[in-house]
Structure formats: structure tokens, C-alpha cells
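Before any comments, here is the structure.
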Amino acid sequence: MTDPVVSGASYKEAILFLVTAGVVVPLFHRLRISPVLGFIGAGALLGPSGLGRLTDSVPWLANITIANRSEIAHLAELGVIFLMFMIGVELSWERLRILRRLVFGLGSLQVVVSSLLLGGLLLWLGVSPTAAALVGLALALSSTAVVLPVLAEQKRLNTPAGRVSFAVLLFQDLAVAPVLFAIVVLGRKDGNAIGGLALALGQAVVAVALIVGAGRLGLRPLFQLVARTRSPELFMAACLLVIVATALVAAASGLSTTLGAFVAGLLLAETEYRRAIEATIDPFKGLLLGVFFVSVGMNLDPAQLVNAPAAILGLALAVILLKGAVILALARALKLSRAVAVETALLLGAGGEFAFVLIGSALGAGLVPEGLGQAALIVTTVTMVMIPALAALARRLGGRIDRRALAQEVTAEPPPEKQQGRVIVAGYGRVGRLVGEMLARHKVPYLALDMDAARVSEQRRLGNPVYFGDSANPELLRRCGIASARALVVTLDAPRSVEAVVAAARAERPDLTIVARARDARHATALYDLGVDDAVPETIEASLQLSEAVLVDVGVPMGLVIASIHERRDEFRALLKRKEEAPPPEFQARRTVGKAR
């Protein structure tokens, strides 16, 4: 019979990790901080260099510390394998084709230039060439696991800076596999280095060819067979089998397990099961990556940071500044806007999780001295802790630069006033864009104003006459030619903003035709008081369109329906303009509810 004490001890590391995950993830999510940093901190706190060093004097601490990293080493390695597999699955040739200029242009240049500068600096400090090159490469990489979630939380993944950051991170992820292979080759203690390298390359080519060949022939039939069972459990088992099997085949061939998993992911990315595989593997990836980051934290010695905080913080800032300067210079050289270049530089200046993978492999192969490796890992951790603050700073600086640049554009290149009869559109969101498209379709010249710098920049690249600025600013309205404008259409969704624009325009031009978007009947009445020619209440228009659709669908002739809708719209308009008369039923109901409350 199994001794319960021994059984409990053997599961201690797993239980501690699950407790850590259950506490860290919700807490850091609430604080809007990446859980990656929490896992690293928990590993450092609970590891042998943290509370683990106090177990001799405080024995009960042995129950809540992880003294033996080897107990979770295999799970940590699985976390990296799953990460590389998911990178392969998420990589598509279409995405590469669209972003090829940024991925293989900016991404490759960033890795090469940053690695050369960081490696050259280490070489100047007396580090061996191999160690300098590997540590320089490791520090040149950024954090996919932290940067992308931060951008997703800010809803900025689809902004220009988000797309550029994603492209650079994508190339960095692609670069990890060959670097890991190089570490494996360099770590071999063969007498004939050239012969060993040639043999390793030959084995690698054969192994990758076998994996690719077997994958192309067998993966799709395997998943077709499993999918026919409609069993989520079997589908999950097939996914795990493919990942582990390819990793083991690669390892048996002298390659890294992560390279095998990456190739398997690439093969499955071309199949119709790609999305289902992503959904199935994602929870495993997140949990196992948590184990990996806990194991990374266990390798860190917090005492080093306590003993030399100024030196470590200085090195961390130096890495961020150096990488940021490289990215900024390269982005501007590739004709990216100043705002996008600054945002990307701040987002990607910090280190990343693959630094732990590369430096850990290099330490295991004896290619990097222990002291240098530990220092690089601590510096990387400190820079990763700074990412949320750097992302917030990037967003603020990028928006400020965008607004300043676009404001200068409006001032330096005001819309040509020689064009008479132009319509001014205040607000170029979804409603404003539709108005602009209809005006363009009927060949009516127009000019639009909007306060969203990113939206203005995107629309100007598309060739639309959109300018940055506050539509309620009388000076801006004058520069946009309100004196000769044919009409003003206010499409803003905030009622107070609409009223401010209408008041400013009416003060400038009493005879100008003004059509404004209204929230409801009450807001429409207020706009008529301000002097608009037409106020379009969203609630009434939605009701009229629904009525038109149902009348046509039940067989009422289209001509009669359109005539009655126009008649009813005119009745509402006349009723809203006459303040002294009773408001429409919708308005009365609204007032009745308000009194009841």
C-alpha cells in the first residue's frame, strides 16, 4: 500500500502550481497585469533561491516551497513545446504574404541589428564570442506572451502599431527554432567541429523531411478518422499525440523537441482542422506555459536584484533604450509614421519569454557562463515587468504625436476654399463614412472632420478627404470653408457634441443647411431649437424602416408604403418643430416613465 506521506510529497509541486495558478491568474487579471509576470514572481518566491533557502531554519516552509526544479522540468518543457506548436498552427501563408514587408523586412533587420549591437557590447566587456552572440540574440527578442495580450486588452491589435508589433514578433518566433538547433549543434563535444556540424545538418534535413512527408500523408486522414467519431476526447487525444510524437521524433534525430512541434504546427495549419485544433490546445498551452514560467522564476535569485538593484535596473533600461532606438530608426527608414514607430519601439523594447528558452538551453549546453546567464535572465524579467507601463506610455505618446501631426496637416494644408458648394461632414465613424460614400456616389464634393487620430490617418491613406479637428471649433470650420459650404451633416453619436457643432455652425452661417443625427425625439426637439433644418432621430427612423420592411413583406405595394413612410416622417418632423404642441406618443411615454420613476 502506498505511503500517504510519500504520495503527498510527490504531488506537492503540482498542487503548489495549481494553487499558484488559481491565485495568480484571477488576481493579475483584476490588476490588469499579465499573469506571466505573476508566474515568474511565484517561481522566484517559492523556489530554492526564495523561501526555499529558509527551510533549514523554518522547516514548515518546506511544505509550500519547490526545492527540486526537476520535478516540474518535464511539464515546463511541454509548455515550450506547446507554445511552438501553436505558433506553427497560427502561422498562415496568407498572413505572411500580407505582412511580408514587415515580417521579413523590419522583423529580420530588428533581430540582426539588435543582436549585433548587444552581442558586440558583451564582447567588448570580455565575454566569449559564442556566449556574447547567444545572449545578444536572446535579449534581442521581445515578449509575444505579454505584448499581444496587453494590446488585445487595449483593443489595439488592429491598429497600425499593433500590426507592426505583431509582424516583428512573428519573425522573432520564427527565428527561435533555428537558433535552438544551432545551440544543440554547438553544444555537442565532437572533436571535428566541421564534421559534426555537417552530420547534424544532414540528420536535421532527413528528420524534417520525414516529419513533413509523414505529416502530409497521414495527418489529414488521421483527423478525418477522429472527426467522424464526433468525440471531443478523441480529438484532444489526437492533437496531443501529434505534438508529443513529432517532438520525440525530432529529439531522437538530434533536433530540439520544440522544432519538431513547430513543424507539426505548420503542417496542420494548412488543414481544415486548424481552428478546432487551436481551440483544443489553447487551454493546455496556457497551463503548461504557466509551469514553464514558474520554473523560470525558480532559476532566478532575488538576492541578486536586492544586492545590486541600481546595476540591474540600469542594464534593463539600457536594453530597452538600445532595442527601442533600433526599432525606431528601422521603422522610420521603412517609411512608417513617427507615431507608429514610437509605439512599436516602446512595446518591443523589453525582453521576452524566448530569452529564458535560449539562455536555458545555452546554460545546459555549457555555452554560456552561469553568472552571465543568471544576470541576463534577471534583466529580461525586469524588462518584462515594465511592459504594461511601456504599453500605456506608447499609447499616450502615439496618440499625442498623431494628433499633433494631423493638426499640423490641417493647419499647413487647409482644404482648398476655391471649391464651392461642398458638404461638410462632422464625424467620420460608421454613420459619417456611409454619408460620405453616398455623397461621393452622387458626385457631391464633401470634406469630413473627426477627432479620432487613427481613424483620420487610415481614411487619408485610403484617399478620403478627412481631416483631424474638433468640428465645434469655429476657426476650424472657417478654414474648412463653411462660408461657401452647401450643407453641414453632423453624424456624431454624443448628443452634447452634436449640439456644440450645430451651435458653432449656426453662429458662423445663419443660412447654412444643417442636418444632424439625433439620439431620440427629445434630442431632435432640442436640435430644432438650435436651428437645424433636419434632425434625424435614431429611434423614429428605426421604427419607420421596420414598418416599411414588414409592410412590403406582407404584400402592401412598394409605392404606397414609401409614400406613407414619407408622410409619417413629415408628420413627425412637423410635430417635433412645434414645441407648443404635444410631443409624439414616444415622447409622452418617455415623460410618463420619467415621472413614475
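Derivation of every value follows stated rules applied to the coordinates shown; laboratory data play no part. The model shown is predicted, which means the values in this text are computed figures rather than measured ones. In this analysis, Cβ positions are derived from the backbone assuming ideal geometry, glycine residues included, and neighbour counts consider all displayed protein chains.
Observations
- Under a 5 Å amide H cut-off, with hydrogens placed 1.01 Å from N, residue 446 pairs with 423 among residues at least 5 apart or on other chains.
- Alpha-carbon Debye profile of segment 22-68, log10 I(q)/I(0) at 0.27, 0.28 Å⁻¹: -0.85, -0.88
- Order of 499, 270, 370, 343 - criterion: other Cβ atoms within 10 Å of each residue's Cβ, fewest first: 370, 270, 499, 343
- The string of couplings for segment 350-356 from the Karplus curve (6.51, -1.76, 1.60, θ = phi - 60°) is 7, x, x, 5, 6, 4, 5 Hz, one whole number per residue in order, with x for Gly and Pro.
- Between residue 514 and 488, 533, 534, the built amide H atoms are under 5 Å apart, and every one of these is 5 or more places off in sequence or on another chain.
- Each residue of segment 237-246 was assigned a 3J(HN,Hα) from its phi angle through the Karplus curve 6.51 cos²θ - 1.76 cosθ + 1.60 (θ = phi - 60°); the sequence is 5, 5, 4, 5, 4, 4, 5, 5, 5, 5 Hz, with glycine and proline shown as x.
- Ascending count of other beta-carbon atoms within 10 Å, so fewest first, for 236, 384, 558: 558, 236, 384
- Summed residue charge, Cβ within 15 Å of residue 224's Cβ, Lys/Arg positive, Asp/Glu negative: +3
- 566, 442, 523 arranged by Cβ crowding within 10 Å, fewest neighbours leading: 442, 566, 523
- If you take all other residues with their beta carbon under 11 Å from the beta carbon of residue 107, and give Lys and Arg +1 and Asp and Glu -1, the sum is +1.
- Under the Karplus curve 6.51 cos²θ - 1.76 cosθ + 1.60, θ = phi - 60°, whole-Hz ³J(HN,Hα) for segment 499-512, x wherever Gly or Pro sits: 4, 5, 5, 4, 5, 5, 5, 5, 5, 6, 9, x, 9, 6
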